[in-house]
Amino acid sequence: MSFTPRPSKTAPDTAIYDRRESGVRTYSRSLPRQFDKAEGVWLHDVNGGRYLDFLSGCSSLNYGHNHPVLKQALLDYIGADGIAHGLDLHTSAKQSFLEALEEVILAPRGLDYRAMFTGPTGTNAVEAAIKLARKVTGRELVVAFTNGFHGMTLGALACTGNAGKRSGAGVPLSHVAHEPFDGYYGPDVDTAALLDQRLSDPSSGLDAPAAILVETVQGEGGLNAASPEWLRAIAAIARKHGALLIVDDIQAGCGRTGGFFSFEGLGFTPDIVTLAKSLSGMGLPFALTLFRPELDIWSPGEHNGTFRGNNHAFVTAAASLRHFWADDGFQDRIARLGNLLEQRLEQMAEEHGLSTRGRGMMRGIDVGSGETASAITQACFEKGLIIETSGSHDEIVKVLAPLVIDEALLGAGLDILEQSISTELAPAASLSAAA
Ligand SMILES: *Cc1c(COP(=O)(O)O)cnc(C)c1O
């Protein structure tokens, strides 16, 4: 099945949104169409436009839109009057999810984690993780990293680097130290060693942290991929200084970087892991905080919430784990697609003197400025490719193609990206070439 994108040119009537929806909306501004259907790698608008989706709901749709297996599981569940609310009762759907998590994900990887169902968004999982770390250690400080992104509620926002997001807080964001991520000062500065030095010096002014919170590949912060050595060093530093290591796998997990967890095979095991985005497999709100059983010192209801477990998401998540992760086939496929993506982005970078970022199917190209990146993503959109930016200055064009895409369509989308980069980066040259 290989279609080509067919964007519609018709601007939608936005009157009701302009009148009634808060100005805080964002994606609808850069993607000004009214969408109504989606399947696989395609989004459709109400005017017959068809768009190849390289945003994937910001990696909440790693298995594509409305995957038939997941959709059928949910239809069956709703058809049988399955429980729909989110109180933390024991339900058949929750049992099936926990069994799938244990059998398909945890046991084969030798991981022993308890699962805490938090509120349904990623930021809820991060709040639970840092609250638990503070409770377990009796310490206040969390070490997070430059360009880190962890969510919008106050605790998680304090761990987020982006000034524009932080300025929305309205109160001081405290109890977090933002330390330089891997490569922040260039390839010659070992920022893990610097962190160790400061934590080891009783006069450095850096308090002993409850947790070190890290993304292995920074999703919103510019697709900076930490090296395995750096991550292992950070894990060792956490252990040495009595802090818990939290890996925020909300964007990099669920296959985006290759394995189910982004830290697989890297030689360390986090104390706490957060998951959300593609966890439900179908774009349904669903988040999870995993931790070593010894850390489970919560008393019942101490961290509460009405929506702590989304039964519909349990159904689709369990189906996605069993369908995609029961053997190595999907992982092998991601590795192949990731290699193709890497090659193509490297070619584009070389041609224009740019650089690439990322790992697996979580990669991007640094085009130098936010203006250029936005011109490129707009040009892509006009050709029917949905793609977004990331980074301190939104200067990275990031490819978050669905992991179920076939190689031909991945290539077709990357052709559009390549053309758009060429047009936007060398307008003079392409004009004279055309003349
Ligand atoms: C998206 C994201 C979050 C926040 O998740 P929400 O569901 O938007 O609250 C946290 N951490 C990382 C790494 C993310 O990419």
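The values are calculated or read from the model by the stated rules, or taken from the named source; none is laboratory data. All figures in this text were calculated on a predicted structure; none of them were measured in a lab. Ideal geometry is used to build each Cβ from the backbone, glycine not excepted, and the neighbour counts take in all protein chains shown. Protein only, heavy atoms only, side chains kept; ligands, DNA and RNA dropped before computing areas. Shrake-Rupley method; radii C 1.70, N 1.55, O 1.52, S 1.80 Å.
Find how much the distance from residue 302 to residue 264 grows on full extension, using 0.36 nm per residue of separation minus their present alpha carbon separation; answer in nm with one decimal.
Result for the pair: 10.6 nm of gain on full extension.
For residue 71 and residue 229, what is the calculated FRET efficiency with R₀ set at 41 Å and r taken between the beta-carbons, to the nearest 0.05?
0.45
Would you work out which of 173, 252, 219 lies farthest towards the positive end of the dipole of the chain? Charges go on Cβ: Lys and Arg +1, Asp and Glu -1.
173
Excluding same-chain residues fewer than 8 positions from residue 165, which lysines have a Cα within less than 24 Å of its Cα?
Of all the lysines, those that pass the test against residue 165 - Cα under 24 Å, at least 8 places apart if same chain - are 131, 277, 398.
Find the accessible area per residue for segment 322-362; the probe is 1.4 Å, ligands and nucleic acids are left out, and the unit is Å².
On a per-residue basis, 53 Å².
Tell me the accessible surface of residue 58 in square angstrom (1.4 angstrom probe, heavy atoms of protein chains only), to the nearest ten.
20
Less than 14 Å Cβ to Cβ from residue 410, Lys/Arg counted +1 and Asp/Glu -1: what total charge do the surrounding residues give?
Surrounding charge for residue 410 is -2.
What's the carbon and sulfur percent of segment 68-324's accessible surface, probe 1.4 angstrom, rounded to a whole number?
Of all accessible area on segment 68-324, carbon and sulfur atoms account for 53 percent.
Kindly work out what percent of the DSSP beta bridges joining two residues of segment 68-324 are antiparallel, to the nearest 5.
40
Taking the Cα centre of segment 68-324 as origin and charging only Cβ (+1 Lys, Arg; -1 Asp, Glu), how large is the dipole, in debye to the nearest 20?
Computed about the Cα centre, the dipole is about 360 debye.
So what is the accessible area of segment 258-300 per residue, in Å², with the probe set to 1.4 Å?
30
With +1 assigned to the C-beta of every Lys and Arg and -1 to the C-beta of every Asp and Glu, and no other charges, what is the dipole magnitude of segment 1-151 about the Cα centre in debye, to the nearest 20?
Dipole magnitude for segment 1-151 comes out near 560 debye.
Which order do the peptides 206-212, 264-270 come out in when sorted by mean C-beta neighbours inside 10 angstrom, highest first?
206-212, 264-270
If you average over every viewing direction, what projected area does the convex hull of the Cα atoms of segment 68-324 give, in nm²?
14.0
Round to the nearest 0.05 the FRET efficiency obtained for residue 185 and residue 335 when R0 = 35 Å and r is the Cβ-Cβ distance.
About 0.65, to the nearest 0.05.
Defining a contact as two alpha carbons under 8 Å apart and six or more residues distant in sequence, what relative contact order in percent does the chain show?
Rounded, it is 23 percent for the chain.
Taking the Cα centre of the chain as origin and charging only Cβ (+1 Lys, Arg; -1 Asp, Glu), how large is the dipole, in debye to the nearest 20?
Dipole magnitude for the chain comes out near 860 debye.
Among 316-325, 108-117, 80-89, what's the highest-first ranking by average C-beta atoms within 10 angstrom per residue?
Result, highest mean Cβ count within 10 Å first: 316-325, 108-117, 80-89.
Which is farthest toward the positive dipole end of the chain among 282, 411, 189, measuring Cα position about the Cα centre, with Cβ charges +1 (Lys, Arg) and -1 (Asp, Glu)?
Result: 282, furthest along the dipole toward the positive end.
For segment 1-131, what are Rg and Dmax over the alpha carbons, in angstrom?
Cα radius of gyration and Dmax of segment 1-131 are 19.3, 54 Å respectively.
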